[in-house]
Every structure is written in C-alpha cells, then in structure tokens.
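J.: Supplied in structure tokens, the structure appears directly below.
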Amino acid sequence: MSLDQAFRVTSILLAAVSFITLFLESHLPGWLTFLTGVALILALVRVTESNSDSSPETRTGLPTAVWNILVILGFFGFLVDSLMSGELLPAGVRFLLVLMVIKLFNLRCFRDYLHLHVISVVVMLAAAALGADVWYFLLFLVYLFVGVWTLLLLGITKQLEDPDTPAPALASQRETRGSYDRVTSQVFQLANGLALFVFGVTLLLFFALPRLQGGFYQNGQGAAIRTAGFSDAVDLGSIGPIKRDPRVVMRVEPSGRAPDGKGRLYLRGIAFDHYDGRSWVNQLSRRRVVRETGPGLFALNGSQGERGRPERPSLQLKIFLEPLDTPVLFGAPFMEAVSGNLPAVQVDVNGSFYLSRPSATPVEYVAVSKSTAVLPADLQPSPVVYHEAFLRHFIQIPARSDRIAALARTVVGQERTPYGQAMAIQDHLARNYRYSLEIPRAEQANPLEEFLFNRKTGYCEHYATAMVIMLRTLGVPARLVTGFLATEWNEYGNYYVVRQQDAHAWVEVHLPHSGWIVMDPTPPSEDIGDVISPWQGWASMVDHIRLLWNRVVVQFSAADQLAIVRGVQIGSATIGQKVWGPTSRWFPPPTSWQERIVDLYDRSTTGILAAGFIAILTGLCLFMWLGWKRSRYRRFFTKASVQNDRHAVAKLYTDMILYLSSKGVQKPANTGPLQFLDTIRTQWTGAFPLATTITELYCRERFGRARLTSDEYTVAQNKLDRLMSLTREQDGETEKTGAGNGI
C-alpha cells in the first residue's frame, strides 16, 4: 500500500472510530446510524480497491453545487431539530454526522480529508461530553494511534503544500518528486513510537493542567436515570415497576468493612408524613440551606432527637452517585453532614438532604450519619406528651378505618410500649404476608385494606404503609421513608453496588426517649432472588474498573491535583531525610544553600509539577532516541550515508526533469520514466545518453529496491552536472524546434 493510499485509509478509519465512539454513548436515530455506516464502508472500500497511483477523487456523479446545497439543508435541519427538541448538543451531534456523510461521499481533494479530520475530532469531543465511560479510554487510544498515523502520512506525502491539487497534478507530483513510497517497517515503527510518545505527553498533561469545575460543552443531553419515590409525593405502588431495572445508580464505600464483609445497608432518601389513602405526600418539604462549616463540608447545627442522649456511633460513607432525575443525596440513617465538591446543600424538616437541582454529571461525596439505638427507657411503659404540631403530621390517617384499627389492636395484644407495639406489627406483617412484584398499580378505593385483608401480597410500599397506618391508629408516631437497600457487595473494591432494583421503602418509628428508629416489615423477596452467575466475578471486576475510571479520570479535579502534589512533597521529604540523614554525619552539606533549595521546593507546587513534567518528558525523549538510534532512520541524519538514501537519487532525477523543462523538454502528466526517455530522445538527442544513465539508476533505486553505492551515486551526480552544462544549440537544435513538438 502506498503512503498516499494509506493516508486516505487512515483518514476514513479516523472517522469510523469517532462514529463508533459516539454510537456507543448516545442514542442516534436508526436512519442516521445506517446511513453513516454505509458511507464509511463505501468510502473505505473505494480507497482500498484503488491502486497507489489512482486519484483520491470520489466519483459520486454529483457536482459540487449539489453537495453545498445538501450542507445548507443540513444546517437548516439542525436549527429545526434544536428548536423542536430544545436540546442543542444532541441536535449538533446529528448535524455533525450529516456533515460526515456528505464529506465521505465528496472526497475530491486532500482538503476534503482535512475537513473529515476536523469533523472526527469534534465528534470525539461530543462523545466525551455525552459521557466518558471506561470503554471511551480504549477507543480514545485507538483514535490516538490512528490520528498519529494519519498526521505522519500526511506529512510524508507533503500534501499540505497544496491541499486543492487536482488528480492529474497529484499523479505528476508522485512521479516527478520520487518521494512517495510504500509503507515500510521503518514507517510502521516511527508511527507507533510517535503514538506512544503523544499518549505519554497527553496523559501527563491531563494530570498536570489546571482543572476546571465544568464547562458549556458538558453532558447537555439530560441522560439522568429516571427514578420513582424521590419527589414530594409518591403513589402507592410506584416503586415496584422500577425494581426490575438493573442499572447502577450509585456505589457506596463504607469507611470500614461492611458488616460481616457483606450485609444490608439502608440508604435513606425522603421521608413522607401525610397519607391520603392512595399517595404519600411530604408536607414538611420546606428546605433550608445547610451552612458550610468548612471547605466543602456541610453540617447540621444539631443532631436529631432530644439532647442529652448518649453519643451515637457515626458511619462515614463515600458515595459515587450517577446522574439521577432527583436532587436527593442519599446516606445511611441519619445524615448529619455531607462533604464534597458540591455547590450547595439543602435539608428539609424530615432530615432529607438535597442538591439545589438534579445533577447532569456524576456526584461524589461523603455522607456522615449517626445511627439511633433503642434506649432502656423506651422498653418500659411511661406517659408520653407530644407537641400538637408533631402529632398533626405523624399521627395523621386519611379516614378512620375500624378494620385496620381492630387488626392493629389484635396484633399488639397486651403490649403497652410503643417499641413493643412496633415490633409486634413488624413481625406480623413479615410472617403472614407474601412479597411479590406481580401486583398491578392500586386501582381500588382503599388499596391498603385490599392489601391487608384480601390480597395479602405486595411489595415494600404496601408493607411500609400498612405498618405506619397501623401504628398511627394506636397513637404511635411513624412515617414512611423511601431510599435504597444495598445488598450487593463488590469484593474487588470493597464497596456496595446499588441498582435501580434496590429501591426500597421502610418505616421510621418515633420513640419518646430514643427518637426516630428504623424498622422494616417487608419480608424477603420471592420473585427476584439473585442467581449466582459464573460471570459474576468478571462483572464485579469490570464494575470496579469502571469506578476507578470515574474517580481517576472523569471526576479528577483540582483537589485531586493538590492531593497529588502534597503526596509528592511528603514523599520527597521522606526520601530526602533517608538520603541526607546517614550522609550528613560524614559530609555535612552547606546549611545556607540547602535550606534555600528545600524552602523553594516546599513552597513551589508549580515547580514540582514542572519538574515532574520535564523528568517524564526527558525520559520519553530518551526512550524514543534509543529506539531511533537502533532503527535504519538514522541514515537520514548522518553525512556518510546520505548517498545511500533513495530520496537523494530521486532528487537528482527531479533536478534533471526541472532542467529539461527549462530547456523546453516537458514531462507530460501520467508518463513513466521510460516513456519520458523516448520524449528526450525525440526532442533532445544530445541529452539522451546522460538522461538514460540517471533514469536507470533512479528506477533501480525507486522500483527495484536496490541500494545505490557511493560510486553509483557519484556517477549519477556527474551525469547530471554534464547534462546541465549542455545547451540545445550544441545538438544543432533550436528552442523553436522544441516548442514545435507540442510542448
């Protein structure tokens, strides 16, 4: 494959990689996906079937004006699409693909290939803005290698000098210059080495350049995971349908090991206080801004419940939350502080934490919670006096149901403490009812009575609602809570994987002395029991890699850079102490300049980054130089081997053509070296013997792959000198004769 043909192939491959990346990230229309795929395949087949001397022109049969009209129509389609959809980025992505298709069918000159390169770069940026998952890194590597190949081939073929060169002139240039060659092992090694070097520099710049908190070109598609049960109102039975969705919504890393290595972790979302018979409503949804007590730390002023209780154990969870359609921040019961790179945090009266609005990008934060234990005072009967406003919210029932009240009294029996009554109702529901997701949405006038007395089958909202209402009929304050119940433990990363299907509802009961405590009457599921798959281990490993990718790359921030710099400072100081400690006793260094250097080093974080950049760049350059030194490319840079370079004899041949052209002997386009010799013999007989020797040596080097010796190169140089000393008058010919031969 010639270098020119290889350049065209890599250009189309560059566009193909960018299209595949975008296709895997976004939901493209089927017709546009099919059209782009067909255009890429046809363009690739067209350039691979052509020989090295063929034109890069695409024969589509349509004039340039038609393609320009199609571009204008595509732009108007982009305007209409953006106005109708209301989303600029997806409409722009579709317009980019339309431009790519038009360009693939309209590759007439090398400027069109340059336009295709620009389109592919913008498509890769759009794919990154829509969401850079871990697979994006692999495709980016492929794109980087193909891109380096393309730029290298473009430089070698030297088409940047005149990107609008037509096909006949290109063919003439390829013949006259003699610098177009086939892809050799040297070119292969050089391209791959440059790609590795560029990747190393790119990786270094990614970690060294200052971080920005966000930008305009960032996930504007609104691809948040839709959830249910995390708004100010939730219908009875609304969580059930999403419990079949296996998508990951968050990953939770406890500060220590999970209970027994694995276990159940409640992640609290929203608490609801009012039930109207069919839906739960959060009437205490008024939010207040949580004061920032430190850099990125948002903490409540006081703890929940009454003061004077024993100090409760705290639990710290590091949570990586995927983009959701709710601003709720999840954490273990009961959250008291949140820290992270968050713009603002709010909290409602029920103790639920929120962002100011749903985030379109993943959010990483640390939730600090303190659990509530049942105090001994709540195990003994004692009179309780609640505030009227408190009872109005947490004793409310939609309508007096004698059947539910009678059932509650029957279940609790002789139990008189609120805690004992709650335990009795919890055990009754868990033992005598069945869990199932095969339940239709509640259409009855009283769905709770239908669940308790007729169907006796339901899912978490039915159980939690039944327990809350039964407790309220007994005068025990209670509320319903929605969130997630994490049970899937990733052993590779020591964190919980929380999916949509882990959405859950449970009960919080208020005890006079202990405050709010968590209780769950829902029995184990019979419908969605996890089946251990032989691929489960691989799935856990892939998920751990994805989490590392999100932390190290997607969520890499200025704070992470500062942490790296501080780590380098601490590590360098430790190494310095180990090095200078033993030697200072024998060779004490000058105190003055040592203190100055250490002080400058400790204060200049920018200097540390610069020093690291220079060190890595120097190492990469050294590695590339050693590889180059062993390759055959070093002959280009040594004077002794210049005569053995095929480009040297090609230059002699080009100089010969230019001199003959100045004397009126023109080389027609698409004419080979031997055919040109016939032209020389016809138009200038005296120059024919000298031109024959130069042409034979050029053809042997150019097409025979034979290296010229220094003597042969000297002969060719002498022949060219003699030829350039000739004039047309010495051969009895006139310039008029040459002009009369159709020059």
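J.: Between a first residue in segment 273-292 that is touching a residue at least 40 places away in the same chain (Cβ under 8 Å) and a second residue that is among the hydroxyl-bearing types (Ser, Thr, Tyr) and part of a strand (DSSP E or B), which pairs have beta carbons less than 7 Å apart while being 6 or more apart in sequence or on different chains?
T.: 287/354
J.: Could you pull out the residue among 657, 694 that is under 56 Å from the mean Cα position of the chain (by Cα), modelled with pLDDT of 85 or more and not aromatic (Phe, Trp, Tyr)? Steps first, please.
T.: Working: 694 fails: under 56 Å from the mean Cα position of the chain (by Cα).
So the residue among 657, 694 that is under 56 Å from the mean Cα position of the chain (by Cα), modelled with pLDDT of 85 or more and not aromatic (Phe, Trp, Tyr) is 657.
J.: Scan segment 358-369 and report the pairs whose first residue is closer than 12 Å to residue 251 by Cα and whose second residue is at pLDDT 90 or above and among the polar types (S, T, N, Q), with Cβ atoms within less than 7 Å and a gap of 6+ or a chain change.
T.: Once the first residue is closer than 12 Å to residue 251 by Cα and sits in segment 358-369, its partners that are at pLDDT 90 or above and among the polar types (S, T, N, Q) give 365/339; 366/316; 366/339.
One line per residue, one yes/no per condition, for (1) at pLDDT 85 or above; (2) surrounded by 15 or more Cβ atoms within 10 Å (Cβ to Cβ); (3) aromatic (Phe, Trp, Tyr):
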{"site": "19", "(1), (2), (3)": "yes, yes, yes"}
{"site": "25", "(1), (2), (3)": "no, yes, no"}
{"site": "28", "(1), (2), (3)": "no, yes, no"}
{"site": "35", "(1), (2), (3)": "yes, yes, no"}
{"site": "39", "(1), (2), (3)": "yes, yes, no"}
{"site": "62", "(1), (2), (3)": "no, no, no"}
{"site": "68", "(1), (2), (3)": "no, no, no"}
{"site": "92", "(1), (2), (3)": "no, yes, no"}
{"site": "102", "(1), (2), (3)": "yes, yes, no"}
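J.: Filter segment 381-421 for residues that are within 20 Å of residue 283 (Cβ to Cβ), assigned to a helix (DSSP H, G or I) and under 52 Å from the mean Cα position of the chain (by Cα) and give the result.
T.: Matches in segment 381-421: 389, 390, 391, 392, 393, 394.
J.: State which residue pairs qualify: first residue in contact (Cβ under 8 Å) with a residue 40 or more places away in the chain and assigned by TED's automatic domain parsing to the domain that holds residue 424 and inside segment 397-411, second residue crowded, with 18+ Cβ neighbours inside 10 Å and β-branched (Val, Ile, Thr) in any location, beta carbons under 7 Å apart, and separation of 6 or more residues or different chains.
T.: Final answer for the pair search is 397/469; 397/473; 404/469; 404/473; 405/473; 408/425; 408/473; 411/425.
J.: Do we find that residue 338 is part of a strand (DSSP E or B), modelled with pLDDT of 90 or more, within 24 Å of residue 389 (Cα to Cα) and out of contact with any helix residue (DSSP H, G or I) (no Cβ under 6 Å at 6 or more places or on another chain) in this structure? Even if it seems obvious, please write down each step before you answer.
T.: On the way: part of a strand (DSSP E or B): yes; modelled with pLDDT of 90 or more: yes; within 24 Å of residue 389 (Cα to Cα): no; out of contact with any helix residue (DSSP H, G or I) (no Cβ under 6 Å at 6 or more places or on another chain): yes.
When the stated conditions are applied, residue 338 does not pass them.
J.: Check every one of the helices (runs of 4 or more DSSP H) wholly within segment 62-153 and list those with 3 or more residues that are closer than 30 Å to residue 543 by Cβ. Let's see the steps before the verdict.
T.: Working: elements: 64-85, 88-104, 110-130.
The helices (runs of 4 or more DSSP H) meeting that bar are 88-104, 110-130.
J.: Can you pull out every residue in segment 69-111 that is small (Gly, Ala, Ser) and in contact (Cβ under 8 Å) with a residue 24 or more places away in the chain?
T.: Correct list: 74, 92.
J.: Among the residues of segment 478-513, count how many are of a type in the set (A, V, I, L, M), touching a His at 6+ places or on another chain (Cβ under 9 Å) and surrounded by fewer than 24 Cβ atoms within 10 Å (Cβ to Cβ).
T.: Qualifying residue count for the region: 1.
J.: Tell me which of these residue 472 doesn't satisfy, since it passes every other one: (1) among the charged types (D, E, K, R); (2) surrounded by fewer than 21 Cβ atoms within 10 Å (Cβ to Cβ); (3) on the phi < 0 side of the Ramachandran plot.
T.: Unmet condition: (2).
The values are calculated or read from the model by the stated rules, or taken from the named source; none is laboratory data. Source: prediction; values computed, not measured. Glycine also receives a Cβ, built like all others from the backbone with ideal geometry; neighbour counts cover every protein chain displayed.
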